[in-house]
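Okay, so here's the structure we're looking at.
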Amino acid sequence: MTKPFVIAIDGPSASGKGVTSRRLAQMLGLLTVDTGAMYRTLAWHCLRMKVDVTDDKKVAALCRKWKTSLVVQDGQVRLLVDGYFPEKEIRTAEASAAVAHVAQVRFVRDWMKAKQRECIQFGSCVMEGRDIGSNVFPETDYKFFLDASPEVRKRRRERDGVQEDVHARDKRDSQRAHSPLMPSLGALVIDNSHQVVQETCDLMLEEINARRKANRLVPLKPVA
Ligand code: DC
């Protein structure tokens, strides 16, 4: 049996990580992990518990005693809060504003890393985030950094009905002290500004199989 592996996909907001991860996972019959959703779930929990998200100590204390569980639902590994996945709640403007604070707390990042590493207990995963290749699974051979021009990313956000200063968010994510956003060593950087999702996935699969061949591993074959 093959040892479970991780395909790490990092990149800034609106770089197409989510849609690309889901398509690639579907093509290869793998699970997906949206690590941004994990941070957002904690941010939502802080708001619900009336914890000031700008107070690092209080956020860390809440995270420390947080009762959660990892489960697989619809091909995705999810973090549940009291058995519930707050799918809609974590996408509100309030949760989006809160998550940037929560995601820079050292204790939270270490806690999330441990949880994210536990995800492979369920099988091989396509894991998307900001620091998967650099920090969470640095040992994986399959690392990608997706990017697109600021104009294209802004347009994508607007199409989703979200007005967001992508430049400000990139700056925050890239300049934080713990696990800042940056392409990790060995990651293939793909600018998908002018690609459709399938093109990006085909390119990624080609790269994965080239790396597998170099390690004398059998190629991955699309199942869908
Ligand atoms: O991808 P997203 O917009 O759902 O991510 C939400 C926030 O969490 C964003 O501010 C970046 C942060 N994040 C992170 O710091 N590390 C990750 N691995 C994933 C997300």
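In segment 2-119, counting only helices (runs of 4 or more DSSP H) that sit wholly within it, the ones holding 2 or more residues that are of a type in the set (D, E, K, R) and more than 12 Å from the ligand (Cβ to nearest atom) span 17-28, 56-64, 106-118.
Scanning segment 134-146 for residues that are modelled with pLDDT of 95 or more and buried (at least 22 other Cβ atoms within 10 Å of the Cβ) yields V136, F137, Y142, K143, F144, F145, L146. Within segment 120-159, the residues that satisfy the criterion of being within 12 Å of the ligand (Cβ to nearest atom) and small (G, A, S) are G129, G133, S134.
Report yes if H194 is free of Cβ contacts under 8 Å to residues at least 60 places away in the same chain, exposed (fewer than 15 other Cβ atoms within 10 Å of the Cβ), part of a helix (DSSP H, G or I) and not polar (S, T, N, Q), otherwise no. It is false that H194 is free of Cβ contacts under 8 Å to residues at least 60 places away in the same chain, exposed (fewer than 15 other Cβ atoms within 10 Å of the Cβ), part of a helix (DSSP H, G or I) and not polar (S, T, N, Q).
The values are calculated or read from the model by the stated rules, or taken from the named source; none is laboratory data. None of these values were measured; they are calculated from a predicted model. Neighbour counts run over all protein chains shown; Cβ positions are idealised from the backbone, glycine included.
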